[in-house]
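Some notes on the structure that comes next.
The values are calculated or read from the model by the stated rules, or taken from the named source; none is laboratory data. What you see is a predicted model; the values in this text were computed from it and never measured. Quick reminder, even Gly has a Cβ in these numbers, built from the backbone with ideal geometry, and neighbours come from all protein chains shown. These accessible areas exclude ligands, DNA and RNA; they are computed on the full protein's heavy atoms, side chains included. Shrake-Rupley method; radii C 1.70, N 1.55, O 1.52, S 1.80 Å.
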Amino acid sequence: EGSLTVEVQEPNESTQQLTAGQTLLVRPDGSTAQPTEAQLNEAFGYVDGTFAIDQKPLRQTLAMIKRWYGTEMFLEDTTMGGQVISMTAPLTSTTDAIKSVETASGLFFGWEGQTMVLKKPKK
């Protein structure tokens with residue numbers, strides 16, 4: 001029920017009126033848009049026990065996995081950190097999260113000593 005007014009001050013001033021059930025994405029540059037389903041899943045997936053990433057660099061994804069799962073993975077080839085991926089996994093399974101990263105990135109999980117590493121496939 002009801003409505004709310006969203007006022008963006010900087011850098012581009014705008015005002016949006018939303019009613020119950022409506023959503024609004026405010027970008028870092030101050031522009032606004034209707035969020036996609038993937039963006040909504042990323043923002044609110046945790047409510048349903050889901051970890052979702054929508055078009056984020058792999059290095060940022062790995063940082064978020066560390067935050068949500070307590071699991072730190074490194075890239076064998078750090079130049080892969082800029083690769084943009086999208087993925088979804090249940091918050092209850094680190095194994096499923098790792099598999100989702102593998103599928104989305106084309107990399108493979110492995111161990112180097114006691115360090116979790118994502119590696120390029122061997123040719």
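Taking the chain as a Gaussian network, Cα atoms linked when under 10 Å apart, which of Pro35, Pro90, Pro11 shows the biggest mean-square fluctuation?
Evaluated over the chain, the most mobile residue of the options is Pro11.
What spacing in nm lies between the two simple spin-label points modelled at Val6 and Leu91, each 7 Å away from Cα in the Cβ direction?
That separation, rounded to one decimal, is 2.2 nm.
Run the reach check for Lys120 against aspartates and glutamates, Cα to Cα strictly under 15 Å, same-chain hits fewer than 8 apart removed. What comes back?
Reachable aspartates and glutamates: Glu76, Asp77, Glu102, Glu112.
How much length, in nm to one decimal, is gained on full extension between Thr79 and Leu25, taken as 0.36 nm per residue of separation minus their Cα-Cα distance?
Length difference between fully extended and current span is 16.4 nm.
For a Förster distance of 41 Å, can you work out the FRET efficiency between the beta-carbons of Thr71 and Thr32, rounded to the nearest 0.05?
0.75
Roughly how many Å² of Lys66 are accessible to a 1.4 Å probe, to the nearest 10?
100 Å²
Quick check on the chain: helices-only [θ] at 222 nm, where DSSP H runs of length 4 and up contribute -39,500 (n - 2.57) each and the sum goes over total residues. Nearest 500, please.
-8000 deg cm²/dmol
Could you work out Rg/(2.2 N^0.38 Å) for region 22-78, with Rg from alpha carbons only?
Dividing the Cα radius of gyration by 2.2 N^0.38 Å gives 1.32.
If amide hydrogens are placed 1.01 Å from N in the peptide plane, which non-local residues have theirs closer than 5 Å to the one on Leu91?
Thr50, Phe51
Give me the angle, in degrees from 0 to 90, between the Cα long axis of helix 58-69 and the longest principal axis of the Cα atoms of the chain, rounded to the nearest 10.
With rounding to tens, the tilt is 90 degrees.
Using θ = phi - 60° and the Karplus relation 6.51 cos²θ - 1.76 cosθ + 1.60, list the HN-Hα couplings for region 90-104 in order, rounded to whole Hz, with x at every Gly or Pro.
For region 90-104, the Karplus-derived couplings read x, 5, 8, 9, 5, 4, 5, 5, 5, 4, 5, 5, 4, 4, 6 Hz, x marking Gly and Pro.
So how far apart, in nm, are the two label points at Thr50 and Glu112 if each is 7 Å from Cα heading toward Cβ?
Going from the Thr50 label point to the Glu112 one covers 3.4 nm.
Explain nothing, just the number: relative contact order of the chain, from Cα pairs under 8 Å at least 6 residues apart, as a whole percent.
It comes to 16 percent, rounded to a whole number.
Run the paramagnetic zone check for Thr15: 7 angstrom along Cα to Cβ, then residues of region 32-68 with backbone nitrogen under 19 Å.
32-33
Kirkwood Rh over alpha-carbon pairs of region 41-123, then Stokes-Einstein at 20 °C and 1.002 mPa s: what D in µm² s⁻¹, rounded to an integer?
168 µm²/s
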